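The values are calculated or read from the model by the stated rules, or taken from the named source; none is laboratory data. Note that the structure is predicted; figures quoted are calculated from it, not measured. No Cβ is skipped: glycine too gets one built from the backbone with ideal geometry, and neighbour counts run over all protein chains shown.
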Amino acid sequence: MASKKVAVVAVNPVNGMGLFQYLEAFHENGIHFTLFAVAPSREIRTNSGVALTADGVIADLRQHVSEYDALVFACGDAMPHFAEHASEPWNVDLMEVIAAFGRENKWLIGHCVAGLMFDAARVADGKRLAAHPMVLGAITHAQPSAAEIEIDRNCLTAREEHALPALIGHVVEVLKG
């Protein structure tokens with residue numbers, strides 16, 4: 001059986017430690033992924049300044065959600081400022097993409113504030129979501145969790161990038177299945 005196709009969305013700047021854990025696991029396990037920048041261009045940076053060129057931008061993914069089985073939200077330093085820039089086209093596209101994946105009950109995977117984003121898009125109502133301690137109180141429709149990881153139906157979340165090693169095996173299992 002072929003592995004599932006994964007859309008990885010990376011904010012600008014993205015947390016490189018988290019992003020690269022996903023990408024390495026996908027590469028090592030033959031899981032096909034496409035990296036989309038949540039930005040106006042394909043050029044983004046990690047929070048440590050490493051320049052990256054994504055395969056596409058989030059606007060490209062909006063038209064191709066049906067081609068993917070899973071969405072990975074790679075968190076980053078841009079998230080604390082998300083509310084200030086929520087109306088930017090790339091952030092509007094991000095929320096629409098998350099909602100589209102959720103409506104189709106596709107895999108939703110992420111760490112740090114991913115749980116908050118899934119909650120805000122109303123695709124995780126009632127589900128347990130691990131999230132960074134600083135955003136737990138902002139999760140209102142799902143069940144916020146301070147656990148290292150949470151796996152609840154189609155949502156696989158980790159508290160933060162240091163918890164990803166505990167989640168990655170589960171992610172690989174569902175994406176290779």
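A few remarks follow.
- Subset of segment 127-143 (residues that are surrounded by fewer than 20 Cβ atoms within 10 Å (Cβ to Cβ) and either in contact (Cβ under 8 Å) with a residue 40 or more places away in the chain or not in a loop (DSSP other than H, G, I, E, B) (or both)): ARG128, LEU136, GLY137, ALA138, GLN143
- Hey, VAL38 over 20 Å from ASN154 (Cα atoms), at pLDDT 95 or above and β-branched (Val, Ile, Thr) or not: yes
- Residues (part of a strand (DSSP E or B) and among the aliphatic types (A, V, I, L, M)) located in segment 148-177: ILE149, ILE151, LEU156, ALA158
- In segment 1-24, the residue that is nearest to ALA51 (Cα to Cα) out of those that are of a type in the set (Gly, Ala, Ser) and without any contact (Cβ under 8 Å) to a residue 40 or more places away in the chain is GLY16.
- Residue in segment 72-85 that is surrounded by the most Cβ atoms within 10 Å (Cβ to Cβ), counting only those that are assigned to a loop (DSSP other than H, G, I, E, B) and of a type in the set (Gly, Ala, Ser): GLY76
- Scanning segment 5-34 for residues that are of a type in the set (S, T, N, Q) and part of a helix (DSSP H, G or I) returns a single hit, GLN21.
- Restricting ALA10, ALA54 to those that are on the phi < 0 side of the Ramachandran plot, more than 13 Å from the chain's Cα centre (by Cα) and aliphatic (A, V, I, L, M) reduces the list to ALA54.
- Here the condition is being under 14 Å from ALA7 (Cα atoms), touching a residue at least 24 places away in the same chain (Cβ under 8 Å) and outside any helix (DSSP H, G or I); of ALA37, ALA59, ALA124, it holds for ALA37 alone.
- Positions within segment 75-112 being modelled with pLDDT of 95 or more and of a type in the set (A, V, I, L, M), in sequence order: VAL92, LEU94, MET95, VAL97, ILE98, ALA99, ALA100, LEU108, ILE109
- Residue count for segment 95-127 satisfying the condition of being more than 23 Å from LEU164 (Cβ to Cβ) and of a type in the set (Lys, Arg): 2.
- Index of the failed condition, GLU88 passing every other in (1) surrounded by fewer than 16 Cβ atoms within 10 Å (Cβ to Cβ); (2) within 15 Å of the chain's Cα centre (by Cα); (3) more than 19 Å from ALA138 (Cβ to Cβ): (2)
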